[in-house]
Amino acid sequence: MSKDPFSVSSSAAVSEVAAAMDKGRVGSALVMDGSWLAGIFTERDVLRAAGSGRDLTASRVADWMTPDPVTAEAGMEAEEALQLMLSRGFRHLPVVDGATVTGMVSLRDVLSTRVRRPG
């Protein structure tokens, strides 16, 4: 799990966030409204926005994010997180403890733990 996930404001421009995601080599951004998790913005959202033909310097993350994303509770087992991601088609899952975001788990994170764990 990434304990310091990349986060942005819902009013950020898609072009700026996409550039920051590329620079930071991250596949998603938590969209925060203060301390509240408003949504998640992923590589897929960038592609949808780019394919729309709209001006991505004027388009806001709020227009393309997934609002109120599914989350994992802190302490969730890796296998359970994997099943949740696979069943819902996610590659990134915000991790929360109550209403507080504590991190982000990616499909790569979960698969890495499975590979390292002895059978």
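The values are calculated or read from the model by the stated rules, or taken from the named source; none is laboratory data. Computed from a prediction, not measured in an experiment: that's the story for all the values here. Cβ: placed from backbone, ideal geometry, glycine included. Neighbour counts: every protein chain shown.
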Looking at segment 16-35, can you tell me whether even one residue there is surrounded by fewer than 16 Cβ atoms within 10 Å (Cβ to Cβ), of a type in the set (Lys, Arg), within 22 Å of THR113 (Cβ to Cβ) and touching a residue at least 24 places away in the same chain (Cβ under 8 Å)? no
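For segment 1-108, please list each of the helices (runs of 4 or more DSSP H) lying entirely inside it that holds at least 2 residues being more than 15 Å from the chain's Cα centre (by Cα) and modelled with pLDDT of 95 or more. Even if it seems obvious, please write down each step before you answer.
Working: elements: 14-24, 43-51, 78-88.
In segment 1-108, the matching helices (runs of 4 or more DSSP H) lie at 14-24, 43-51.
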